[in-house]
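Each remark here refers to the structure printed beneath this line.
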Amino acid sequence: MRISKAALLVVIAFTVPILVELRTVLAWVNVELTVLESVTLGVAMILAILVWALWPENGESGHSSTR
Amino acid sequence: MSNAYIDEFPAEARIVRAAFYSSFLALALGGVFGIIQTLHRTDFLRFMDSVDYYTVLTAHGVFLVISFTIFFLVGIFTWAITTSLDRGLEDIRFSWGWYSLMAVGITLTGVAILAGFTDATDISASVLFTFYAPLQAHPMFYLGLVLFVVGTWLAGADWFRSWLAWKAENPDERIPLPTFMVLTTMLMWYIATLGVAVAILAFLLPWSLGWIDTVNPLLTRTLFWFFGHPVVYFWLMPAYMMWYVMLPKISGGKLFSDPLARVVFVLFLVLSVPTGIHHQYLDPGIAEGFKFIAMTNTMFLLLPSLLTAFTVVASMEHGARQRGGEGYLGWLKALPWRDPVFTGMALAGLMFAAAGFSGMINAGMNINYLVHNTFWVVGHFHLTVGTAVALTFMAVTYWFLPQVTGRALWNRSVALGQVVLWFIGMTFMSNAMHRGGLLGIPRRTAEPQYEGFEFEAAVGSVAELDAQIALGGVLLTLSLVLFFANVIGTALNGKSDSLPANGYAETLSGPEDAPLVLDNLKLWTAIAVVLVIFAYTFPLLSIIERGGLFGPEVIPFPLTLESVTTVGIALETAATETVDGATLALVGVIR
Amino acid sequence: MNIHTYEKLWLVAAMLLIVTFIATITYGSVGLGIAMVGDQQPTVEPTELSDDERFGDPRVEQVGENEYEAYVVAQTFRYQPDPIEVPEDSQVTFYVTARDVIHSFSIVGTNVNTMAIPGEIAEMTVEFDEVGEYGVVCNEYCGPGHHDMEGELHVVPAEEFDLVDHSVDTPTEVEPDDEAEFTVEVRNRQLDDLETTVVLEVGDETFEEELVVAGGETAETTIVVDTADLGEGDHDWTITVDEFEEAGTLSVVDPDAEDDDGGDDDE
């Protein structure tokens with residue numbers, strides 16, 4: 001794991017405001033996403049984050065940085 | 001034997017615990033009313049009459065922003081004073097005295113509000129948190145608020161007493177930072193509450209008791225906002241205190257700068273009160289010039305918040321680097337995200353930044369036309385008091401609760417999930433509220449669905465916004481359930497011997513770097529008072545000169561259970577007045 | 001005091017930001033002329049609004065070529081007048097007050113928004129360039145029916161807009177040999193004089209009366225009909241003034257034939 005499980009959770013949580021605000025911002029440039037498209041985009045983003053986070057980093061296993 | 005707060009100060013820990021539990025009870029009630037009104041307003045679930053919505057809304061507001069926040073902050077202020085001065089309270093009976101007064105006060109107010117649901121009494125107070133006259137509540141509502149506020153005054157006196165006693169023994173020492181923060185906050189609070197004290201004691205309470213016949217609606221409203229804006233700093237400053245004295249410690253580092261923390265609190269003391277008129281930008285009867293002054297003061301209040309943003313992030317970075325973090329942004333990975341206390345506060349701080357932006361729009365005098373009293377404002381304060389303050393309080397609860405109970409936290413993972421869930425829920429809810437406000441959807445209404453027109457969404461639809469709000473509300477409610485599971489679970493836990501020691505963050509740049517003048521509380525109070533006199537004397541005099549001290553004759557609007565009939569009568573009276581005289585047969589066609 | 005270099009930079013940037021905000025708002029006020037609702041207007045007695053020259057009869061009135069004034073009363077739980085009609089390409093100054101509790105007058109989807117406080121009058125000047133229909137909402141909680149408080153504002157094409165009110169006062173029952181008085185009141189809220197003709201058709205007879213109403217004034221005319229000419233029984237009548245039309249029925253009844261105090265429509 002590239003980041004700790006808790007950090008991963010927080011990063012995934014962050015996709016929510018990004019997605020919600022992105023939809024508003026895109027509408028300014030006349031790109032209107034439907035709810036379904038937004039959800040699909042969100043799932044895709046979360047999957048990408050998961051792949052990035054869980055992809056083995058040179059065989060090194062996770063160093064969860066809890067206190 | 002551990003060195004937790006309860007071990008050092010067992011008697012004080014009981015007070016803090018009592019304050020916390022009172023605060024959590026209010027949070028639970030406020031949360032229940034919150035979800036009820038969310039589902040009602042968005043028309044997903046309406047099981048009550050829309051008339052009762054306003055009783056629910058009053059309860060939601062008063063329980064959350066008065067009892068939840070203030071009970072919690074008297075708890076952490078008591079902790080801050082005793083811990084940083086390293087001495088117990090002077091007389092614990094006096095402390096229980098103010099706690100009891102607050103508890104009795106809020107119970108009276110709460111009962112007055114909740115009685116609005118039943119026909120068994122004619123007691124009711126569905127006047128919302130702002131209780132603008134001529135809306136009239138039962139006297140018990142006002143009386144309860146008075147007792148509650150007097151309780152906080154006495155609490156402040158208790159803390160000042162501790163400080164004076166400490167100062168007598170340590171004449172040459174700087175005021176410890178947490179104590180400094182408590183004292184400046186309380187000085188601000190004393191000044192701020194004068195407004196609401198006058199509004200209630202001189203006008204609203206006698207009026208609700210029938211001793212005086214009329215009030216000046218603009219005057220009581222202005223006096224309310226004299227208090228109503230600084231009260232938000234009364235909620236916020238404890239959260240700031242946590243960001244200054246706890247967050248660096250939890251991040252594994254030290255506070256970046258003690259002197260700047262003092263500067264920030266001094267700025268809040270000086271600037272919090274002379275800004276209240278910015279809630280009245282659209283009030284007739286107040287000259288534009290006064291509004292401009294309030295606007296300028298408000299804008300300068302951004303300064304302490306921007307300074308806080310810097311110091312907090314710098315302290316977090318310092319902590320992360322102590323923990324081995326590297327790189328421009330890579331240090332973020334080294335932060336203790338597993339710790340709900342840290343993650344909750346960090347997310348709260350982040351949302352506060354977003355709230356700052358919507359706040360700047362609100363503060364922009366003429367931009368305010370667009371958003372005043374719309375749903376936008378609700379979105380704004382759910383980010384400030386509803387997240388920056390509430391989420392910080394919930395997060396630090398996970399540190400404080402073991403300290404004051406001597407029991408380990410029930411479940412850290414549930415706690416982490418809880419703070420993250422709050423963040424997600426509030427994102428959905430406040431985004432939709434802000435956007436709805438821009439469409440002109442009003443705040444404080446049971447049914448924002450009208451007959452004659454529809455709100456037009458620029459993007460998506462109003463139905464989508466409603467769904468987003470309801471989703472957010474449900475997630476927030478779930479988050480609260482997890483929070484209470486942890487509070488109850490912790491209370492039922494066995495005593496623990498391995499709790500972390502009581503304490504707060506050390507500083508990189510300590511008080512020795514702060515000019516002595518910063519600790520001159522008399523000076524800052526005097527400046528604050530002068531600014532208040534500048535900002536308020538002329539508006540108040542002008543309002544009294546225009547409308548009279550007791551105002552014009554108004555029809556009192558008691559919101560008792562007969563309110564519906566009262567409204568009926570008022571309507572009828574008004575209607576007859578209108579068609580009075582020669583206009584009896586007026587057809588009145590406008591083509 | 002020891003301040004880190006970065007913190008100094010941040011402090012300067014923060015101050016710049018604040019000053020920029022204040023400058024922006026000041027530009028909005030001075031440059032764009034977005035005035036705040038202020039204390040320009042005197043106070044009023046909320047319980048005596050019905051005797052007030054402006055609010056006794058909430059209305060729209062013409063004050064200049066394209067300039068209008070709208071006197072609006074907000075009260076639980078409605079607005080007067082409703083709907084408010086103004087012509088396109090007009091400049092309308094709203095005067096808003098409240099009769100009972102604090103309300104607001106907010107035109108949805110625009111920045112027209114003010115509090116309506118009993119005793120105080122809010123003044124706001126607004127330009128309406130295009131035809132359209134807007135909702136008006138109360139966005140200040142005003143009591144249990146708050147959510148039902150709404151109104152409408154119609155910006156209508158100039159040719160469909162007029163500011164003339166008509167009212168008609170007629171008896172419903174008269175005795176034979178008595179006279180029936182048909183009174184027509186025309187109120188002209190435009191600046192210019194209005195010349196019009198009042199036409200009364202009753203039974204088989206037609207009466208016409210010329211009427212001139214000065215700008216901003218009210219004038220009335222009374223047409224007297226001799227019931228002897230009509231005879232006993234019910235007679236339909238119609239009054240027409242330009243596009244205004246009202247119809248009713250006049251009964252000519254002999255009181256001796258009926259045990260009734262008739263002849264008077266007051267009840």
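FYI, it's all coordinate maths here, none of it is from the lab. Everything quoted here is computed from the prediction, not taken from an experiment. Cβ coordinates were reconstructed from backbone atoms using ideal geometry, including for glycine residues, and neighbour counts include every protein chain displayed.
The angle between the Cα long axis of helix B:302-322 and the longest principal axis of the Cα atoms of chain B comes to about 30 degrees, rounded to the nearest 10. The convex hull drawn around the Cα atoms of region B:32-135, when projected onto a plane and averaged over every direction, covers 9.0 nm². Using the Karplus relation 6.51 cos²θ - 1.76 cosθ + 1.60 with θ = phi - 60°, the per-residue 3J(HN,Hα) values for region B:362-377 come to 4, 6, x, 2, 7, 6, 4, 3, 6, 10, 3, 6, 8, 4, 3, 5 Hz, with x marking Gly and Pro. Note on chain C: GNM, Cα springs under 10 Å; of C:THR240, C:THR24, C:THR249, the largest mean-square fluctuation is that of C:THR24.
Using the per-residue mean of other Cβ atoms lying within 10 Å as a proxy for protection, in what order, highest first, do the peptides B:238-250, C:63-75, B:283-295, C:174-186 fall?
B:238-250, B:283-295, C:63-75, C:174-186
Other protein chain C-beta atoms within 10 Å of residue C-beta, averaged over B:330-343: 4.
Relative to the dominant Cα principal axis of chain C, helix C:5-30 is inclined by about 20°. Set the Förster distance to 60 Å, then compute FRET efficiency between C:THR125 and B:THR118 from the Cβ-Cβ distance, nearest 0.05. Calculated value: 0.80. With Cα atoms as the point set, the radius of gyration and Dmax of the protein assembly as shown evaluate to 32.3, 116 Å. Taking region B:257-402 on its own, what percent of its Cα-Cα pair distances exceed 27 Å? Above the 27 Å cut-off, region B:257-402 has 33 percent of its Cα pairs. Our note on the geometry: Cα centres of region B:530-557 and region C:1-80, 18 Å apart. The fewest-to-most ranking of B:THR185, C:THR170 by surrounding Cβ atoms within 10 Å reads C:THR170, B:THR185.
Within the listed set C:GLU140, C:GLU127, C:GLU53, the Gaussian network model of chain C (springs between alpha-carbon atoms below 10 Å) gives the highest mean-square fluctuation for C:GLU53. Within region C:70-117, DSSP assigns beta bridges of which about 60% are antiparallel (rounded to the nearest 5). Report note on the peptides B:434-440, C:212-218, B:202-208: ranked by the mean count of other C-beta atoms within 10 Å, highest first, their order is B:434-440, B:202-208, C:212-218.
Quick one: Debye curve from the alpha-carbon atoms of chain C only, equal weights, vacuum; give me log10 I(q)/I(0) at q = 0.17 Å⁻¹ to two decimals. For chain C, the Cα-only Debye profile gives -1.22.
Take the alpha-carbon positions of region B:351-418, form their convex hull, and give its projected area averaged over all directions (one quarter of the hull surface) in nm².
Seen from a random direction, the Cα hull of region B:351-418 projects 5.6 nm² on average.
Taking a straight line from the alpha carbon of B:LYS167, these lysines sit under 21 Å away, with near neighbours fewer than eight places off in the same chain left out: B:LYS522.
Take each residue in C:47-59, count the other chain C-beta atoms within 10 Å of its C-beta, and the mean is 3.
Computed over the Cα atoms of region C:164-257, the ratio of the radius of gyration to the Kirkwood radius (Rg/Rh) comes to 1.04. Of the peptides C:222-230, C:78-86, the order by per-residue mean of other Cβ atoms within 10 Å, starting with the highest, comes out as C:78-86, C:222-230.
Close amide-amide hydrogen proximity is noted between B:THR374 and B:ARG443, each under 5 Å apart and 5 or more residues distant or on a separate chain (H modeled in the peptide plane; Pro and chain starts excluded).
Counting neighbouring Cβ atoms within 10 Å and putting the fewest first, the residues B:VAL182, B:VAL104, A:VAL43 line up as A:VAL43, B:VAL104, B:VAL182. Under a Gaussian network description of chain C, with springs only between Cα atoms under 10 Å, the residue in C:ASP57, C:ASP242, C:ASP89 that fluctuates furthest is C:ASP242. Within region B:440-469, the GluC sites (Glu not before Pro) that combine a DSSP coil assignment with at most 14 other C-beta atoms in a 10 angstrom radius are B:GLU451, B:GLU454, B:GLU456.
Taking the alpha carbon gyration tensor of region A:5-54, multiplying each eigenvalue by 5 and rooting it gives semi-axes of 23, 11, 7 Å, largest first. Between the C-alpha center of region B:72-93 and that of region B:341-381 there is a gap of 32 Å.
Amide H to amide H, with H built 1.01 Å from N, B:ALA446 comes under 5 Å of C:HIS147, counting only residues 5 or more places away or on other chains. For the protein assembly as shown, the 222 nm mean residue ellipticity estimated from helices alone, with every DSSP H stretch of n ≥ 4 adding -39500 (n - 2.57) and the total spread over all residues, rounds to -16500 deg cm²/dmol. Converting phi to 3J(HN,Hα) with the Karplus coefficients 6.51, -1.76 and 1.60 and the offset θ = phi - 60°, region A:33-46 yields 8, 7, 4, 4, 4, 5, 4, 4, 4, x, 4, 4, 4, 5 Hz in sequence order, with x at every glycine or proline. Taken one residue at a time, the phi angles of region B:54-67 give Karplus couplings (6.51, -1.76, 1.60, θ = phi - 60°) of 6, 5, 4, 5, 4, 5, 4, x, 5, 5, 7, 8, 9, 7 Hz. Gly and Pro are set to x. Taking Cα atoms only, the orientation of helix B:92-114 departs from the longest principal axis of chain B by about 30 degrees.
Taken along its principal axes, the alpha carbon cloud of chain B reaches lengths of 86, 50, 48 Å, longest axis first. Residues whose amide H falls under 5 Å from that of C:THR93, counting only those 5 or more places apart or on a different chain, are C:TYR68, C:GLU69, C:ALA70, C:VAL126, with hydrogens built in the peptide plane.
With a 10 Å cut-off around each Cβ of C:93-100, the average count of Cβ atoms from other chains is 3.
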